[in-house]
Amino acid sequence: MPDSPASPPPPIDPTGVATPPPPPPGYYPPPPAPERKGGLGGVVLRVGLSVLFSLFILSIIANVYQAVLIAGLTTGLQEETFVEGDAAAGRVVVLPIEGAIDDSMARYVRKAVDHLLADPPAAVVLRVVSGGGGVTASDQIWHELNRLATEPESPIPVVASFGSVAASGGYYVAANADEIVCERTGITGSIGVIAQVPNLTGLFDKVGVEMITVTAEGSDEKDLANNPFRTWTPADEAVVQDLVDTMYDQFVEVVAQGRGFDEQEAAGVATGAIYTAGEALDAGLIDSIGYLDDAIAAARTRGNLPADARVTRVKQPGAGLLGLLGARAAVGGSPLTWSPEVARGWLDDFGQVRLAYLTQWIDRP
């Protein structure tokens, strides 16, 4: 006879166990709380602390930078050691002209020349790495550097060292150097002048803006080559052409004076063309092909210094935050300032003829 199926286990005796009363009608228990992993409040707290810490670090950096800026403005230009050597024998000073040639560069060179004349070195190496810039700024720098050669008590010899590019205004400022050394991969020349004037007529036609210009009676030429809001006329071009030709003649004269060329020789190289180092040497625009060390050696020789004489370098203002601050100070503006007067100033700037000794890639005939 088969075994009978197993009986289910007896129920658990709840004796002694307190059973909670049933919930009242209509009551629903709250859902279980999610597992806490810091929560939104914790995230906000951590982000806030991180931001505060970052601001604290930036504040320290800004204060240090401000202190350096104030020190630089109050103590003037400084020299730093470039090549260790015998300081008692005299020194050669490297004066860098690096970057675009503009008003701030001209002011820097003037201060540098004042500094050098106050404590004259035996010789100066003009280190040029520039494609040029403004006509007036280039001429001002040329004038300031000539003060070294015309020092009444003892003229200071100047050896120019051309880096990757020393063209147009970059050549202009160094034309009167006693000796010019160009690196073999450098380019120079570009002796010429360009004028750039934007014309906004097409843009204003698209946006539906018309600029009305009124000149006083008897000053009709006030509007010539100075109005970017209308199509140019032959009279406009004639005005600018005269300015460009005048500045070009001045450039040719500077080259002839500095390199000992006659008028025909100077005009022959002043075609606006770019020259390699070898071509510049053949044309007489430079004296030798070499590096900065070669220029320093030549400066030591011209300054009657031993081969182990010390070399220093004049610090040039940087193009970082300090440069931005200088630019803002120069124009008197602020990146956060906006007004109709600022807009008018921009439009006025657009209307100005910009003459430049600036490198342009022009094919030689």
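The values are calculated or read from the model by the stated rules, or taken from the named source; none is laboratory data. Note that the structure is predicted; figures quoted are calculated from it, not measured. A quick note on method: Cβ atoms are made from the backbone with ideal geometry, for glycine too, and the neighbour counts reach across all protein chains shown. Note: areas computed on protein heavy atoms with side chains; ligands, DNA, RNA excluded. Shrake-Rupley method; radii C 1.70, N 1.55, O 1.52, S 1.80 Å.
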Scope the stretch 107-130; condition open to solvent by 20 Å² or more (accessible area, probe 1.4 Å) and in contact with a helix residue (DSSP H, G or I) (Cβ under 6 Å, 6 or more places away or on another chain); matching residues: ARG110
Strands (runs of 3 or more DSSP E) completely within the stretch 104-176 that count 3 or more residues being at pLDDT 95 or above: 123-130, 158-167
Selection count where residues are surrounded by 19 or more Cβ atoms within 10 Å (Cβ to Cβ) and not in a helix (DSSP H, G or I), scope the stretch 226-271: 4
Residue list for the stretch 143-160, restricted to those being open to solvent by less than 40 Å² (accessible area, probe 1.4 Å) and within 15 Å of GLY258 (Cα to Cα): GLU144, LEU145, ASN146, LEU148, PRO157, VAL158, VAL159, ALA160
Candidate set: the stretch 272-285, residues that are part of a helix (DSSP H, G or I) and open to solvent by less than 50 Å² (accessible area, probe 1.4 Å); chosen: the one farthest from VAL135 (Cα to Cα): GLY278
Residue in the stretch 201-224 that is modelled with pLDDT under 95, outside any loop (DSSP other than H, G, I, E, B), open to solvent by less than 70 Å² (accessible area, probe 1.4 Å) and among the aliphatic types (A, V, I, L, M) present: no
Residue in the stretch 286-294 that is of a type in the set (Gly, Ala, Ser), surrounded by 17 or more Cβ atoms within 10 Å (Cβ to Cβ) and closer than 30 Å to GLU84 by Cα present: yes
